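Structure record follows, encoded as structure tokens.
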Amino acid sequence: MSIRSIRARLAADPALGAGNVLATRIALGEGLDEPLLTFDTPVDDHAAWQPFTLRELDLAVRSRAAALHGLGIGRRDPVVVWSTAAADHVLTFLAAARLGAIPALLNPNLDGEKAALYIQRLRAVGILTDAEHRERLAGRDAGAPLLPDIASLGLGDPAQAPEPYRHWGGDPVAITHSSGTTGLPKAVVHSHDSLYAAIRYRLALPRPQGSERMLSALPAPHAATLIISNLVMSQHAQLAVLSSQTGAGVLDAIERWQPGGVIGFAATWADLARHDLSERQLDSVALWWNTGDCAHEAHIRRLIATGSRESVSREGRVREPGSVFVDGLGSTEMGHSHFFISHSKDSNRYGRCVGRPHAFVDCAVLAPDGSELGPHEVGELGTKSPTLALGYWNDSVTTYRTRVRGYFLTGDLMYRDEEGYYYHVDRAVDSVDLGGGHRLFTSMSEERVLAACPDVLDCTVVAVREDGAVVTDVLLQLVPGADPEADRTKEVTAALEEHTAATVRRVLVVPDERIPLGPTGKVRKILLREQHLAESAAASAALAGSTAGAASTAGTGSTAGAAE
């Protein structure tokens, strides 16, 4: 059976979903001994970077399903997975799905206090961790028992694994969490159908060049990792999953594994841009695939200048320099990017354009009262899609507050043009009302600064309200070798809209550690604003103390002089 035939059969199977892709592929009996999934850490009897075939993957999953079953984990049981290795998340998800259980995947970068509070709210039946994360929970009440070390699941007897659970479309199959940039992460629950809806759509399309061998630089516990894992199983491609998403680590993995495509988040592309990409062996990459937050033009242009793609010429098929970057906009709750746009060296539609919506998406830009706005009017994105998550686990209040007229409110401020292209300007929580019909959009401002200042690697705009007025500090992270002492104020303010530029108080070059990041690498702007307010208050207090001391000293000196 050809790959095309496998794709067609899977796309036409109404019972297929995120919970039973592996079992369905095994039942087809095709391609069982071809390489499929690769992990960057040792797994059972596999060394790091040794690929699992479909047959070997099924064996590893059945071993874990048997072990979980032996621990009493069964249908509808939420079980926490908190581990550093990407393999633990992917394999435990597949094993839990076989049982009809609900794995709750936690980002390994969460701190122990926040993780314990998050787990309490889940009301999980147990916690699977590695040694590092078990230590982080020591002395904390997570409201659930610690189960045996997650590595021990591979010792289960695959022959004792129960038969695969038969999923209904609305069955919950996973809980993942939001980025946590505004506080405690929200627990998002995905269904059998919702996590597969976009895959079914993609199976009917031609495979993009580079997608036959993909490297995942996504956080392993994210919904996007579950989607890409099921996608490669459905179209019988190859996937290597990384446990860390640092720029240096991703570049090393590209050189080692030679993928045709790399999928990741905007934070990783920014980190890659810190490196001299011309010195790295990136020729194998034809496709960069972004999901989550849309990417900045400055970072996209650096990437599409690398890699190579096949094209047809008079001499036949040839490989030419340059790659394609597929951008979009998605979130944990969306379940899959809802927009897409392709960038190559010949394209020029930027300005935070996220493209047009996928065919499975019905979206609108909404006013605060829920009415639909017209072209070029900024409002909140509302979207309807079969990929949407069911809601927030154990949190009906937040679930229903994010719904209006059947739309899910994403929290993104956007507008569309007359051609149907959508543009992302900011997160609603990060924009600031300047009065007079003007707003300050931090994300769009950062885009403008990066596009105008080639020696700026990354930019964070922090707007705070002080004494009734909005003041803005622009924090710059520079490319290696750039002069940190140069005054870039004029260049930065010239790039901004006039009403935004008028609020700029300072343009500062800052070290990387000055920018607080969430577990997925997003800037925690709310925390950054709080830090700025605290620093400003401390500076004002220090200045006031210094001024008072100087006045006191000056008064004493004057009196003494008069006396003399």
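Nearest 10 degrees is fine. How inclined is helix 223-235 to the longest principal axis of the chain, computing both from alpha carbons? The angle comes out at about 30 degrees. Give me log10 I(q)/I(0) at q = 0.06, 0.07, 0.08, 0.11 Å⁻¹ for the chain, Debye formula, one equal scatterer per alpha-carbon, no solvent. Each listed q maps to, in turn, -0.33, -0.44, -0.56, -1.04.
With a ≥ b ≥ c taken as the square roots of the eigenvalues of the C-alpha gyration tensor of the stretch 343-423, please select rounded if a/c is under 1.5 and otherwise prolate if a/b is larger than b/c or oblate if it is not? Verdict is prolate for the stretch 343-423. The magnitude of the dipole of the chain, with charges of +1 and -1 set on the Cβ of Lys/Arg and Asp/Glu and taken from the Cα centre, is near 1520 debye.
Counted by neighbouring Cβ atoms within 10 Å, the residues D44, D111, D293 run from fewest to most as D111, D44, D293. Toward the positive end of the charge dipole of the chain, with +1 on the Cβ of Lys and Arg and -1 on the Cβ of Asp and Glu, the farthest Cα among S284, H499, S5 is that of S5.
Applying Stokes-Einstein at 20 °C and 1.002 mPa s to the Kirkwood radius of the stretch 172-285, computed over alpha-carbon pairs, gives a translational diffusion coefficient of 140 µm² s⁻¹. Once you order the gyration tensor axes a ≥ b ≥ c over the Cα atoms, which shape class does the stretch 16-81 get: rounded for a/c under 1.5, otherwise prolate or oblate by comparing a/b with b/c? Oblate shape, in that a/c is at least 1.5 and b/c is the bigger or equal ratio. Taking max minus min of the alpha-carbon positions on each principal axis, the stretch 220-296 gives extents of 35, 25, 20 Å, largest first. The modelled label-to-label distance for the pair K384/A159, using points 7 Å beyond Cα in the direction of Cβ, is 5.3 nm. Distances between placed amide hydrogens fall under 5 Å for V425 paired with L413, M414, Y415, all partners being 5 or more residues away or on another chain.
Across the chain, the mean sequence separation of Cα contacts (distance under 8 Å, 6 or more residues apart), normalised by length, yields a relative contact order of 11 percent.
Amide H contacts of G355 (H built 1.01 Å from N, in plane; Pro and chain starts excluded): Y422 sit under 5 Å, all sequence-distant by 5 or more or on other chains. Taking a ≥ b ≥ c as the square roots of the eigenvalues of the Cα gyration tensor, the stretch 84-200 is oblate, since a/c reaches 1.5 or more and a/b is not larger than b/c. For the pair D467 and D362, label points projected 7 Å from Cα toward Cβ lie 5.2 nm apart. All other residues whose Cβ lies under 11 angstrom from that of D252 are scored, Lys and Arg at +1 and Asp and Glu at -1, for a net of 0. Residues whose amide H lies under 5 Å from that of V404, counting only those 5 or more places away or on a different chain, are L409; hydrogens are built 1.01 Å from N in the peptide plane. Pairs of Lys residues in the chain, spaced 8 or more positions apart or belonging to different chains, with C-alpha separations under 30 angstrom: 12 in total.
Relative to 2.2 N^0.38 Å, what does the C-alpha radius of gyration of the stretch 1-42 come to as a ratio? Two decimals please. Could the numbers behind the result be given before it?
Values: Rg = 11.9 Å, N = 42, 2.2 N^0.38 = 9.1 Å.
In units of the 2.2 N^0.38 Å rule of thumb, it is 1.31.
Based on the Cβ-Cβ distance from T246 to R55, what FRET efficiency comes out when R0 is 35 Å, to the nearest 0.05?
Working: r = 33 Å, r/R0 = 0.94.
Once rounded, the FRET efficiency stands at 0.60.
Entry note, the chain: the mean residue ellipticity at 222 nm calculated from DSSP H runs of n ≥ 4, each adding -39500 (n - 2.57), is -9500 deg cm²/dmol after division by the residues and rounding to the nearest 500.
A short reminder: the numbers here are calculations on the coordinates, not readings from a lab. Please read all numbers here as calculations on a predicted model, not as lab measurements. Positions of Cβ are backbone-derived with ideal geometry, glycine not excepted, and every protein chain shown enters the neighbour counts.
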